[in-house]
There are 2 protein chains.
Amino acid sequence: MSPFDVNRIRELGPAMASEQGEADSGPSPCGACSVRHLTFCAPMAEDELGHVSKIVSTIELHPGDPLFDEGEPADNVYSVTAGSVKVYKLLPDGRRQVIGFLFSGDFMGLAHNDLYAYSAEAITHSAVCRFPRKKLEQLLERFPKMERRLLGMASHELAVAQEQMLLLGRKTAKEKIASFLLMLSKRSEQRGQTPNPVAVPMSRTDIGDYLGLTTETVSRTFTQLKTSNLISLQPANKVELTSIDALRDIAEGI
Amino acid sequence: MSPFDVNRIRELGPAMASEQGEADSGPSPCGACSVRHLTFCAPMAEDELGHVSKIVSTIELHPGDPLFDEGEPADNVYSVTAGSVKVYKLLPDGRRQVIGFLFSGDFMGLAHNDLYAYSAEAITHSAVCRFPRKKLEQLLERFPKMERRLLGMASHELAVAQEQMLLLGRKTAKEKIASFLLMLSKRSEQRGQTPNPVAVPMSRTDIGDYLGLTTETVSRTFTQLKTSNLISLQPANKVELTSIDALRDIAEGI
DNA sequence: CGCCTCTTTGATCATCGTCAACAATGGTGG
DNA sequence: CCACCATTGTTGACGATGATCAAAGAGGCG
């Protein structure tokens, strides 16, 4: 586990349940939430946070802990407050497509019918807030600004998904890896964390399943970028982007 | 152009502008809209439609007509009311990824920042409604039920995009084509049109750019499915799905 | 009827996947 | 604290899927 995860989780302090997967609706976990500005709770005023706290429960996840599975009734919506989570879909024969990596502020579980469309699993030590879908919907009705924020975030997710389709359908392995590293770096920066060197908490297999490649190809491509002095692999799963401009050119296929 | 497109457009009658790209804000185009139940206007009551009609203009598009380009200021949101439209992204060297095919009821242009994230172009003779973004946002503020509907549709789009990522990242050419035909058929049915034989109005190149394949591979795979008696190519770009169950198995990789 | 575009088919090639073995890492227990 | 072992990552050899290059056939619109 990387240090930042521990810190994040410590930050949450009393709002964090200490037992695995145990819920804890303290007096006002939301008031103490250090990543609220990143989440869909952002538009809520201080004196309205009680309404949110009342329906939320915080959950701690350890690496590999599943949160829900594709096809289950989508009874909850989740918001990540610390760590990293992967969401993925499976084909019957086991082929896997990682749909996305989630970090602080990201949400999941907004299903269009009543079932989860994907599975979710913690990558690192993480914390998520759980919102019972029905209660969240009532809250959204009462606070349209929250619904508006959610629509904005969903639109953004959509744009990200479309960018990923371009990557999956039309980019080479090298372009995919370069794009991936730049994306991680940018998102890291958006959360107020260091963009370079960038933390890469997920495994080669997860990266491959995200980019439509095999583990071996991911590894080979990392080596290739390293040999070209575009990146340098550092301890604790960090990657230094030695030449961001060159990486950007590669990512765009220039 | 397939007959259905002509019919759809005739249905719209006086609401349709006859000149290319010309706007027409008649007395109440929305009241006469035959596909309103499919669009984000669905939740609006009859006596509220005037508010929508007031800000909308209808546009007729001919095959190949561009609607907007990636990177332009996203001043409008569009809703397709007849025909078919493709939206796509380009890499600098011309590689293209079709992000989606849009039919009656689908919308586009909900950008997360102020620029369109993709280009849009008519495939067949089509009709779209144009909503100036600012005015639509005011309308959404006044009618939260419309915003809720939009959020629901965006969530659905997101699920579709995720399914497409699975296809692009992990399916074989044969699985991709089978999935594609079943998807077209299902969507056709949802619009109240015949699901089988299914209309396939887009070119082999468009299909390839949607599935991450080349024209040649698309054509070869169609031939392969035809030879296996799973589909049969009919006149006017229609495809009969001879064995839907077998196609479904192929699409799922079983 | 003829031209132009789109589609189909063929031959060859390259990228990435598969299979295999080895190296490194990190977690555990002695 | 160190050694061991399991898991993850790296590297190599080879092969297959789909891309590329090329050309012929089919359809649609003038």
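Tally time: how many residues in segment A:124-138 are buried (at least 20 other Cβ atoms within 10 Å of the Cβ) and part of a helix (DSSP H, G or I)?
Final tally of qualifying residues: 1.
Looking at A:E157, A:E163, can you tell me which residue is farther than 23 Å from A:C30 by Cα, open to solvent by 40 Å² or more (accessible area, probe 1.4 Å) and touching a helix residue (DSSP H, G or I) at 6+ places or on another chain (Cβ under 8 Å)?
Numbers: A:E163 fails: touching a helix residue (DSSP H, G or I) at 6+ places or on another chain (Cβ under 8 Å).
After ruling out the rest, the residue left standing is A:E157.
Restricting to segment A:219-230, name every residue that is touching a helix residue (DSSP H, G or I) at 6+ places or on another chain (Cβ under 7 Å), of a type outside the set (A, V, I, L, M, F, W, C) and within 7 Å of DNA strand D (Cβ to nearest atom).
Listed by number, the list holds a single entry, A:S219.
Can you work out which of the residues in segment B:139-149 that are under 22 Å from the mean Cα position of the chain (by Cα) and either in contact (Cβ under 8 Å) with a residue 60 or more places away in the chain or more than 9 Å from chain A (Cβ to nearest Cβ) (or both) is least open to solvent (accessible area, probe 1.4 Å)? If you could, list the steps in order and put the result at the bottom.
Filtering segment B:139-149 for residues under 22 Å from the mean Cα position of the chain (by Cα) gives B:146-149.
Now drop any that are not either in contact (Cβ under 8 Å) with a residue 60 or more places away in the chain or more than 9 Å from chain A (Cβ to nearest Cβ) (or both), which leaves B:146, B:148-149.
Numbers: B:M146: 0, B:R148: 85, B:R149: 74 Å².
Looking at the filtered set, the residue picked out is B:M146.
Which of the residues that make up segment A:206-218 are within 22 Å of A:P63 (Cα to Cα), in contact with a helix residue (DSSP H, G or I) (Cβ under 8 Å, 6 or more places away or on another chain) and not β-branched (V, I, T)?
Within segment A:206-218, A:G208, A:D209, A:Y210, A:L211 meet the criteria.
Return the total of residues in segment B:150-179 being within 7 Å of chain A (Cβ to nearest Cβ) and of a type in the set (A, V, I, L, M, F, W, C).
Qualifying residue count for the region: 9.
Just for segment A:180-208: of the residues that are more than 11 Å from DNA strand D (Cβ to nearest atom) and open to solvent by less than 20 Å² (accessible area, probe 1.4 Å), which one is nearest to the other protein chains (Cβ to nearest Cβ)? Break it down into steps so the answer makes sense when it comes.
First pass over segment A:180-208, keeping only residues more than 11 Å from DNA strand D (Cβ to nearest atom): A:180-199.
Checking the rest, the ones that are also open to solvent by less than 20 Å² (accessible area, probe 1.4 Å) come to A:180-181, A:184-185, A:188, A:198.
On the way: A:F180: 13, A:L181: 18, A:L184: 17, A:S185: 19, A:S188: 19, A:V198: 22 Å.
Ranking the qualifying residues of segment A:180-208, first place goes to A:F180.
How many residues does segment B:209-228 hold that are within 7 Å of DNA strand C (Cβ to nearest atom) and surrounded by 22 or more Cβ atoms within 10 Å (Cβ to Cβ)?
First, the residues of segment B:209-228 that are within 7 Å of DNA strand C (Cβ to nearest atom): B:215-216, B:218-220, B:222-223.
Then keep just the ones that are surrounded by 22 or more Cβ atoms within 10 Å (Cβ to Cβ); that gives B:218.
So the answer is 1.
Tell me the residue from A:V52, A:V87 that is more than 16 Å from DNA strand C (Cβ to nearest atom), open to solvent by less than 30 Å² (accessible area, probe 1.4 Å) and either under 15 Å from B:A159 (Cβ atoms) or of a type in the set (F, W, Y) (or both), please. Walk me through how you get there before you give the answer.
Numbers: A:V52 fails: either under 15 Å from B:A159 (Cβ atoms) or of a type in the set (F, W, Y) (or both).
Answer to the selection: A:V87.
What number goes with the only condition from (1) in a strand (DSSP E or B); (2) more than 12 Å from DNA strand D (Cβ to nearest atom) that B:L233 does not pass?
(2)
Are there any pairs with C-beta distances below 6 angstrom linking a residue in segment A:225-244 that is in the same structural domain as A:A199 (by TED's automatic domain parsing) to a residue that is open to solvent by 40 Å² or more (accessible area, probe 1.4 Å) and acidic (D, E), with the two at least 6 apart or on different chains, and if so which?
Listed by first residue and then by second, the contacts come to A:S232/A:E240; A:Q234/A:E240.
From (1) over 17 Å from the mean Cα position of the chain (by Cα); (2) at pLDDT below 95, pick out the condition that doesn't hold for A:P92.
With (1) over 17 Å from the mean Cα position of the chain (by Cα); (2) at pLDDT below 95 applied to A:P92, the lone miss is (2).
With outside any loop (DSSP other than H, G, I, E, B) and touching a residue at least 60 places away in the same chain (Cβ under 8 Å) as the only criterion, which of A:A178, A:A154 stands out? Don't jump to the end; show me each part of the working.
Working: A:A154 fails: touching a residue at least 60 places away in the same chain (Cβ under 8 Å).
Result of the check over A:A178, A:A154: A:A178.
Kindly check whether there is at least one residue in segment A:47-58 that is in contact with a Ser or Thr (Cβ under 9 Å, 6 or more places away or on another chain) and among the acidic types (D, E).
Within segment A:47-58 (the criterion being in contact with a Ser or Thr (Cβ under 9 Å, 6 or more places away or on another chain) and among the acidic types (D, E)), the answer is no, since none of the residues qualifies.
The values are calculated or read from the model by the stated rules, or taken from the named source; none is laboratory data. Model, not experiment: these values are computed from the prediction. Neighbour counts are summed over all protein chains in view; Cβ atoms, including those assigned to glycine, are modelled from backbone coordinates with ideal geometry. Protein only, heavy atoms only, side chains kept; ligands, DNA and RNA dropped before computing areas. Shrake-Rupley method; radii C 1.70, N 1.55, O 1.52, S 1.80 Å.
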